[in-house]
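Only the coordinates and a few stated rules stand behind these numbers; no lab work does. This is a predicted model, so every value here is computed, not measured. Cβ sites come from the backbone with ideal geometry, for glycine too, and all protein chains shown count toward neighbours.
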Protein chains: 2
Amino acid sequence: MSSVAVIGLGLIGGSLLRALAGPAVGYDADPQVRAAARAAGFVVADTLNGAIAERDVVVVATPIPAVGPVFDAIAASARPDTIVTDVASVKAPVRGLAARALPGLRYVGGHPMAGTERSGWQAADPALFGGAAWVLCLEPDTDVAAWGEIASIVLGLGARVVPATAVEHDDAVARVSHLPHLFAAVLAAGVASRPLARTLAAGSFRDATRVASTRAELTIAMCTANTEALAPVIDAAVRRVSRAGSGDAGAAAALIESGHRARAAMDSAPRPAHRSIAAGDRDGLLALGRDGGWLVARVHTGWLGHLGPPWQHPRTEG
Amino acid sequence: MSSVAVIGLGLIGGSLLRALAGPAVGYDADPQVRAAARAAGFVVADTLNGAIAERDVVVVATPIPAVGPVFDAIAASARPDTIVTDVASVKAPVRGLAARALPGLRYVGGHPMAGTERSGWQAADPALFGGAAWVLCLEPDTDVAAWGEIASIVLGLGARVVPATAVEHDDAVARVSHLPHLFAAVLAAGVASRPLARTLAAGSFRDATRVASTRAELTIAMCTANTEALAPVIDAAVRRVSRAGSGDAGAAAALIESGHRARAAMDSAPRPAHRSIAAGDRDGLLALGRDGGWLVARVHTGWLGHLGPPWQHPRTEG
């Protein structure tokens, strides 16, 4: 069983430390968090280097601005065969950091789509990942054996492993998370100092603006870190909405109809199916992710993939 | 007790016919709907003119394209003192129709913010309006006694009467309903043929796109009818989102922070308060609506208004 270090014990890292079955050590830059984790019975290192040294796997679960410095520490202190993964909500920028800081190490980018509304060690929950989609990035230069090690750990947490490239991931989260956050913000801001509009707002407006309740600094960090993938997604979306509002009734109808069809397709998802994929079949794994599937188990021949409705999982927040 | 005719027995008109306590007659252009309403024990006229003649109040609850022709029929067949109201989701355009077709009659524009997902007589429910916001338009040329008659009927249905001008109403619904529908459509359309994105979509994306499930023709009719008020609202919103996506991190942060503040303000609403308003106090009634309030009762001096949190009502769909 791999020995795992978890760096950063906020909601995701803390939940991970609580959920990991094997030997795991945690570390957080905040001494109070280290003390709390220790008081809860977990093994916690006193220093970052102490946490990193001699681990099979290091999971970097810090806020994005700290990821680069932690990668540098790993490059300085980790064993050469250590596998490094992270949980940041954007993947291409972190891949860039890893390529620069960890050229000799085995890096696998990851993003568990779990939990944004609460934060901190206090909110950590070992059941957080049950049913959650957890993207693991598979690039041409990814060590596929290292990828498999991380995938096995993630499956052990009850999560669904979604193989994707960093670019595919960043485009997808721009569409399903970052643009919705910006839309929610502008909708909510549109009724500020308009009590009449607030009175007429219904449950649908509450739903449409719910993510504007997320702590602003988290949303800002998430959206600005993904600017490169987000910008073209914003651009295409606002062009469509603008055209629909320009008095072009055909454009409005086309937009509304295509949205309705797409939403209906999400609710009437494909018949569940399984797909076997060989352990080293990079293209097969990426095809599964592109087709909307995920891994559910490691089997002796490799992986068992699953395709099915996206909605039927208790937690896929991201 | 006023005798009321309800023209159009879909979700809103049918619910109204079921909910009205006094003598009421219904009419629908569809003979099958007339038969169904009659079979359910309601008085249903065989002709539009028969329904309209000799009524104190006529409620026009047809789809928007039929409102103009029904107004023409009312002008031809109704008593000169008949009060006419409607339930259309846009008010300035219908006010224009009424000014042209009903110059001698007393018209009060109305919009119950209730129910969009189901439709038709089969879905009609006398409890539909309980707690719902029901805008009644008060313009400089509105007969304030006629307005009071309609307000009393609406209060009798358990709804909250929100006084507003047609222009104020149309701006408010553009912000809380029509723009959210367009955003939901473009978000949903953005993941069409992208199964990976759908897999990563979470409950928040489902919430953000829920209204894209509404029947497309209803959304199209609603949004295109309100083009005049919607266009500037769309324009301002897309400019803010575009600026946030243009790489201007300050603009993104400002948008996200203002959205967060506005959403928090909706959840932490003002302390409930009451306000008494004289029956003929047009400005006082409109001020109540602008301040986010609504009427809860007719009292001997006029009206009792209420101000409070917008969220605490079971049904304010629109």
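Data for the structure
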read-out	value
Alpha carbon centroid spacing (whole Å) that separates segment A:160-222 from segment B:210-234	20 Å
Percent of C-alpha pairs per 10 Å bin, chain A, short to long	6, 24, 33, 22, 11, 4, 0
Cα centre as origin, Lys/Arg/Asp/Glu Cβ charges: segment A:104-187 dipole, Debye	260 debye
Computed FRET value (nearest 0.05) for A:Ala21 with A:Ala264, which takes r as the C-beta separation and R₀ as 35 Å	0.30
Approximate spin-label separation B:Asp125-B:Arg100, in nm, with each point projected 7 Å along Cα-to-Cβ	3.7 nm
Pseudo-label separations to other copies for A:Gln122 - Cα-to-Cβ vector, 7 Å, nm	5.1
Sequence-distant residues sharing a close amide H with B:Arg160 (under 5 Å, placed H)	B:Gly131, B:Ala132, B:Ala133, B:Trp134
Label zone at B:Arg298 (point 7 Å along Cα-to-Cβ), backbone N below 19 Å, segment B:1-38	B:1-6, B:16-17, B:19-25
Segment A:4-165: translational diffusion in µm²/s, Stokes-Einstein, Kirkwood Rh over Cα pairs, 25 °C, 0.890 mPa s	160 µm²/s
In sequence order, calculated HN-Hα J values of segment B:255-261 (Karplus, 6.51, -1.76, 1.60; Hz; x Gly/Pro)	5, 5, 5, 5, x, 4, 4
Euclidean distance of C-alpha centroids, segment A:241-287 and segment B:236-268, integer Å	27 Å
Calculated from backbone phi, Karplus (6.51, -1.76, 1.60) coupling profile of segment A:165-180 in Hz, x at Gly/Pro	7, 4, 5, 4, 4, 5, 5, 5, 6, 4, 6, 9, 10, 6, 4, x
For A:Gly109, residues with placed amide H under 5 Å, excluding near neighbours	A:Cys137
Per-peptide average of other Cβ atoms within 10 Å, ordering A:121-128, A:137-144 highest first	A:121-128, A:137-144
Mean residue ellipticity (222 nm) of the protein assembly as shown, computed from DSSP H runs ≥ 4 via -39,500 (n - 2.57), nearest 500	-14000 deg cm²/dmol
Cα-centred dipole magnitude for chain B, charges only on beta-carbon of K, R (+1) and D, E (-1), debye, nearest 20	880 debye
Label geometry 7 Å along the beta-carbon vector: B:Gly280 inter-copy distances in nm	9.3
Positive-end residue, segment A:4-165 charge dipole about Cα centroid, Cβ charges, pick of A:Leu17, A:Phe71, A:Ala151	A:Leu17
³J(HN,Hα) computed for each position of segment B:238-252 - Karplus, 6.51 cos²θ - 1.76 cosθ + 1.60, integer Hz, glycine/proline x	5, 5, 5, 5, 4, 4, 5, x, 8, x, 7, 4, x, 5, 4
Other copies of B:Pro80: label-to-label distances in nm, shortest first, labels 7 Å along the beta-carbon direction	10.3
Shielding by other protein chains, B:214-226, mean Cβ within 10 Å	4
Length-normalised contact order of chain B in % [C-alpha pairs under 8 Å, at least 6 apart]	16 percent
Distance cut-off 34 Å, percentage of C-alpha pairs in the protein assembly as shown lying past it	50 percent
Segment B:4-165, relative contact order [Cα under 8 Å, separation at least 6], %	23 percent
Label-point gap, in nm, between B:Ser193 and B:Arg290 - each point 7 angstrom along Cα→Cβ	5.0 nm
Number of partner chain Cβ atoms within 10 Å, mean per residue of B:231-240	5
Efficiency of FRET between B:Gln32 and A:Ala66 - r from beta-carbon atoms, R0 60 angstrom, step 0.05	0.35
Shielding by partners - mean other protein chain Cβ count within 10 Å, residues of B:248-257	6
Calculated FRET value between A:Asp81 and A:Arg239, using beta carbons and R₀ = 45 Å, to 0.05	0.40
Inter-site label distance for B:Ser2 and A:Val144 at 7 Å from Cα along Cβ, in nm	7.5 nm
Amide H contacts of B:Ala5 (H built 1.01 Å from N, under 5 Å, at least 5 apart or other chain)	B:Val25, B:Val57, B:Val58, B:Val59
Cα pair count fraction exceeding 11 Å, expressed as % - segment A:102-142	73 percent
Magnitude of the charge dipole, the protein assembly as shown, Cβ model with Lys/Arg +1 and Asp/Glu -1, debye to 20	540 debye
